[in-house]
Amino acid sequence: MVTDMNPLAKELNSILAGTIAERLLSGLGRRVYFPRGIIAQAAEARQLAPVKNATIGMAFHGGQPLLLSAVAEAMGGLSPKETVVYAPTPGFEPVRQAWKDLLIRKNPSLDPGGFSLPVVVPGITAGISYAADLFLDEKTPLFTSDPCWENYGLIFTERRGAVLRGIPFFTAGSEGRGLDGGLDMEVIGRTLTEEAAKTGTLRLILNFPHNPSGYSPATAEAHALIGLINEIAKNGTDVLVICDDAYFGLLYEDAVYQESLFSALATLHHRVLAVKVDGPTKEDYVWGLRMGFVSFGSRGLGPEQHEALIKKLMGIIRSSVSCTNTPAQYLMLRALEDPRTAGEKQGFYEMLKRRYRVVKDYIRRYGDGGRLEPLPFNSGYFMSFRCKGIDPEALRRRLLSDHGIGTIALEPSFLRVAFAALEEEQIPEIYQTIYKTAATL
């Protein structure tokens, strides 16, 4: 068993020494590095020996990679190099820069120099998993919302052995039916402050728009969350915040905070390290391309520390999938540069917003607040019911077997409905059936 740390890992750790990033690294995060092996040497050869490059395991003829006709025809306008050449481990530079530019445009308060160049990863799930590799050890507490995306359990608990601690995130609101509810800042604040006082270190993941509830914080709630994290850091606690921004931009109410929390957290305090995991999967409607991005930001980090964290992330990528697929990156670059994209995305957004409105109006008119209490929702793809006195799995099975309606049961007491997947005219009948079926259980 090898016990000595690799000199490259030591070098990266020395660059991060004394910073929030170094203090929060997991054991794996400390050990990992990007080797100066095949990938690094091949990158150097591409610059200095473009014609006589005998480094990488690819086959060329006439300066172009070999490419089957069937693949070339299916890929349409992509060149051979945009189709089958290995991507650099952190992704192609133009793709990374285009995404960073997009983040700055979408988040006007985001300091361009306050966060790293995003790294391309094979999907947002992979990005969250890589963040766990870098910053979570066995038995490390990680706070999240209750309810939360069910895959968090697999990623954080089963893969990394961390302790996932759920905070009841939502109030029922004055109506008692969830529609005018929001974040329970009293519970969130008390829980996080107590943990900070007890351990001096706090790790949490924030997911907005939220899966499974479909909720994003109002502007006042967002400022309260940011202020809470800032106060905890000021009192001497090291804070890691992973921003799971999978559904970013799909906001259907004007009162919702319009930027990612990462915009404020990335330069909030030298004791706060923010990790943004996002991508085009949901917000650009390219689910199967499996492509995401990871960015780092902290007031205590500069370009050299950003690059050290990127190198550690590259080591995680290299040791798992090696790199993200090439066609997905160039397809997204084409989409970002295409003048039709903005208009088409706006049209898709308006379609989802209309579906959201139909769901919200139906529940406000006909929801009885009895066995099905909606969690607050104002964004994203989903809404969820809290099942009171009934088993959500029994309700899911009845809806499926008796009515051909597919929903998701989430333990212990939630039923998630993806209204984004429903045609607008289907919604009233489906929700009527959901309510009627719940009443029979």
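Read-outs: derived from the displayed coordinates by stated rules, not from any lab. All values derive from a computational prediction rather than experimental measurement. Positions of Cβ are backbone-derived with ideal geometry, glycine not excepted, and every protein chain shown enters the neighbour counts.
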**OP:** Report, as a whole number in µm² per second, the diffusion coefficient that Stokes-Einstein gives for segment 348-441 at 25 °C and 0.890 mPa s using the Kirkwood radius over alpha carbon pairs.
**Re:** 186
Subject >> Dimensionless Rg ratio for segment 370-417, taking C-alpha atoms and the 2.2 N^0.38 Å reference >> reply: 1.10
Original post:
Using a cut-off of 12 Å between alpha-carbon atoms, which aspartates and glutamates can reach Lys100, once sequence neighbours fewer than 8 places away in the same chain are excluded?
Top reply: Asp111, Asp278
Subject >> Cα gyration tensor category, rounded, prolate or oblate, for segment 164-304 with a/c compared to 1.5 >> reply: oblate
**OP:** Summarise the long-distance tail of P(r) for segment 59-104 by giving the % of C-alpha pairs beyond 13 Å.
**Re:** 63
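Run the numbers on segment 93-337 and let me know its relative contact order in percent, using alpha-carbon pairs under 8 Å that are six or more apart.
24
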**OP:** Quick one: which residues, 5 or more positions from Phe143 or on another chain, have an amide H under 5 Å from its amide H? H modelled 1.01 Å from N in the peptide plane, none for Pro or chain starts.
**Re:** Arg165, Arg203, Leu204, Ile205
**OP:** Give a quick list of GluC sites (Glu not before Pro) in segment 164-243 that DSSP marks as loop, anything other than H, G, I, E or B, with at most 15 other Cβ atoms within 10 Å.
**Re:** Glu175
Subject >> Coarse-grained scattering of segment 258-366 at q = 0.16 Å⁻¹, given as base-10 log I(q)/I(0) from a Debye sum over alpha-carbon atoms >> reply: -0.97
Original post:
Among Leu66, Leu225, Leu301, which one moves the most in a GNM of the chain with springs linking Cα atoms closer than 10 Å?
Top reply: Leu66
Subject >> Nonlocal amide H pairs with His269, under 5 Å, H built at 1.01 Å >> reply: Arg299
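How large is the helix-only mean residue ellipticity at 222 nm for the chain, computed as the sum of -39500 (n - 2.57) over DSSP H runs with n ≥ 4, divided by its residue count, in deg cm²/dmol to the nearest 500?
The helix contribution divided over the chain gives -12500 deg cm²/dmol.
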Original post:
So for the chain: antiparallel DSSP bridges make up what percent, rounded to the nearest 5?
Top reply: 55
Subject >> Computed over the chain: relative contact order in percent, which uses C-alpha pairs under 8 Å that are six or more apart >> reply: 19
Subject >> Sequence-distant aspartates and glutamates (8 or more away, or on other chains) whose Cα lies within less than 18 Å of Lys360 >> reply: Glu175, Asp180, Glu253, Asp254, Glu350, Asp368, Glu373, Glu423, Glu424, Glu425, Glu429
Original post:
Are any of the pairs Lys234/Lys276; Lys10/Lys139; Lys282/Lys436 more than 29 Å apart by Cα-Cα distance, and if so, which?
Top reply: Lys282/Lys436
Original post:
Which ³J(HN,Hα) values in Hz, rounded to whole numbers, follow from the phi angles of segment 382-388 under the Karplus curve 6.51 cos²θ - 1.76 cosθ + 1.60, where θ = phi - 60° and Gly and Pro get x?
Top reply: 10, 9, 9, 9, 8, 8, 10
Subject >> In Hz, Karplus ³J(HN,Hα) per residue of segment 140-155 (6.51, -1.76, 1.60; θ = phi - 60°; x = Gly, Pro) >> reply: 6, x, 10, 8, 8, 7, 10, x, 9, 4, 4, 5, 4, x, 5, 5
Original post:
Computed from the mean reciprocal separation of all distinct C-alpha pairs, what Kirkwood hydrodynamic radius does the chain have, in Å?
Top reply: 23.4
Subject >> Euclidean distance of C-alpha centroids, segment 102-139 and segment 258-308, integer Å >> reply: 3
Original post:
Which angle between 0 and 90 degrees, to the nearest 10, do you get for helix 427-439 versus the longest principal axis of the chain when only C-alpha atoms count?
Top reply: 60
Original post:
Looking only at trypsin sites (Lys or Arg not before Pro) in DSSP loops with at most 14 other Cβ atoms within 10 Å, what is the longest site-free stretch of the chain?
Top reply: 140-339
Subject >> Vicinal HN-Hα couplings computed from phi for segment 316-329 (Karplus, 6.51 cos²θ - 1.76 cosθ + 1.60; Hz; Gly/Pro x) >> reply: 4, 5, 4, 7, 10, 10, 6, 6, 8, 4, 5, x, 4, 5
Original post:
What's the angle, to the nearest 10 degrees (0 to 90), between helix 392-403's Cα axis and the longest principal axis of the chain?
Top reply: 80
Subject >> Exposure proxy order (Cβ contacts within 10 Å, fewest to most) of Leu102, Leu250 >> reply: Leu102, Leu250
Original post:
Given the options His61, His223, His403, which has the most mean-square fluctuation in a GNM of the chain, springs set between C-alpha atoms less than 10 angstrom apart?
Top reply: His61
